[in-house]
Amino acid sequence: MSSPLDTRADNLGRAIALTLTTIAVFGVQDAVAKLLVQEHSPFQITMMRYWGFAVFALIIVLRQGPLRQALHSKMPKRQILRGVLLMADIWCFAIALQTVALGELQAIVIVYPLLVTVFAIPILGEKVGVFRFAAVGAGLLGALIILRPGGVPLEWGVAFALASAAFYALYIVLTRQVSASDSAATSLAYGALVGLVMSSGVGIFFWQPMPWTDFALVVVTMLTTCAGHGLMVYALTMAPASVLQPFNYFSLPWAIVLSIVVFGQWIDPISLIGAAVIVAAGLVVMARERRKRIPGVAVAPVGEE
């Protein structure tokens, strides 16, 4: 008979495996989306993909209770703003996919955990000590290495990639803020409905007929979106987000592999070093935040985090 400790270890192993599978699925989704936005408007592709996600999200919400109940929020304006930020993030990422190689794009947007630390200071009133400020600075230095002269070409795609990271970081910070008063179902419902309205309201003006082969690829993006979110939700039932979050950095090497295999695009070695600096800095920030939040773990003195 297995002990509770063995059960927790088994669950953690499964949660990590599911997290890595989730990232692999989302990577495939990004690669397919990159193929589509070469021939179709990013706004049309985003709209069609979001239809699938909205249906998936609302099914989850309705399983927990009536939609009216889920939409009852103590912070409705912040919830709507969350939805707007998420939609802006997805739009910017889709536009960046048109011109930026998948590996380099992921190397840029992976700076978002560091931006979360920065934005949490004015929005959440979090205190960040010298240690985490140094880690954030190192991560931003890594981004500058990637964007150095002679590195990733500085064009609109890169600007949209940086905007995507900023919007997503703000979305995460606001999600932390509303989670203090609203349920996860409420946040999911607002994100689904606001995104559905925004993506459809804009995407419909960019609608163009597409061949069945491309429509099949759109269906793949819908299915991978739903599968990825479903796997992520399941993983979070087995282990806390703070434990699983560092494994999200698997998205970088996976994106590089897909970029090489699918598109024949290689990331240059110096940009890879910059990405490694960002990942290292992000892992340091996550480790410090986890030590502060988990009971029984030593907390660093004030001013040394």
In a GNM of the chain with a 10 Å cut-off on Cα contacts, which of ILE123, ILE16, ILE90 has the highest mean-square fluctuation? ILE123
Looking at the chain, do any whole DSSP H helices span at least 15 angstrom along their long axis by alpha carbon and average 0.0 or above on Kyte-Doolittle, and which? 4-37, 42-64, 76-97, 112-124, 130-146, 156-178, 184-203, 212-236, 251-263, 269-293
By how many nm would the segment from ARG176 to LEU283 grow when fully extended, if each residue of separation counts as 0.36 nm and the alpha-carbon distance is taken off? 36.6 nm
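Take the alpha carbon gyration tensor of the range 31-110, find the square roots of its eigenvalues, order them as a ≥ b ≥ c, and report rounded if a/c is under 1.5; if not, report prolate when a/b exceeds b/c, else oblate.
In terms of gyration-tensor shape, prolate.
Does the range 179-288 classify as rounded, prolate or oblate by the C-alpha gyration tensor (a ≥ b ≥ c root eigenvalues; a/c under 1.5 gives rounded; else a/b over b/c gives prolate, otherwise oblate)? Present the calculation step by step, with values, prior to reporting the outcome.
On the way: a/c = 2.06, a/b = 1.12, b/c = 1.85.
Note, shape of the range 179-288 comes out oblate.
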So LEU141 and LEU71, fully extended at 0.36 nm per residue minus their Cα-Cα distance, gain in nm 21.1 nm
Just subtract the alpha-carbon distance of VAL197 and TYR234 from 0.36 nm times their residue separation and send over the number in nm, one decimal. 10.6 nm
Report relative contact order for the chain in percent, whole number only (criteria: Cα-Cα under 8 Å, sequence separation at least 6). 40
Counting only helical runs of four or more DSSP H residues, what would the 222 nm mean residue ellipticity of the chain come to if each run contributes -39,500 (n - 2.57) and the total is spread over all its residues? -25500 deg cm²/dmol
Alpha-carbon centroids, the range 190-256 and the range 34-69: separation in whole Å: 8
Would you mind calculating the relative contact order of the range 103-184 from Cα pairs under 8 angstrom and at least 6 residues apart, reporting the percent as a whole number? 49
For the chain, which longest stretch is free of loop sites, where a loop site is one of the chymotrypsin sites (Phe, Trp or Tyr not before Pro) that DSSP puts outside H, G, I, E and B and that has at most 15 other Cβ atoms within 10 Å? 1-206
In the range 71-125, the trypsin sites (Lys or Arg not before Pro) that fall in loop regions by DSSP, at most 12 other Cβ within 10 Å: LYS74
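Read-outs: derived from the displayed coordinates by stated rules, not from any lab. Predicted, not measured: the structure shown is a model, and the values here were computed from it. So basically every Cβ, Gly included, is an ideal-geometry build from the backbone, and we count neighbours across all protein chains shown.
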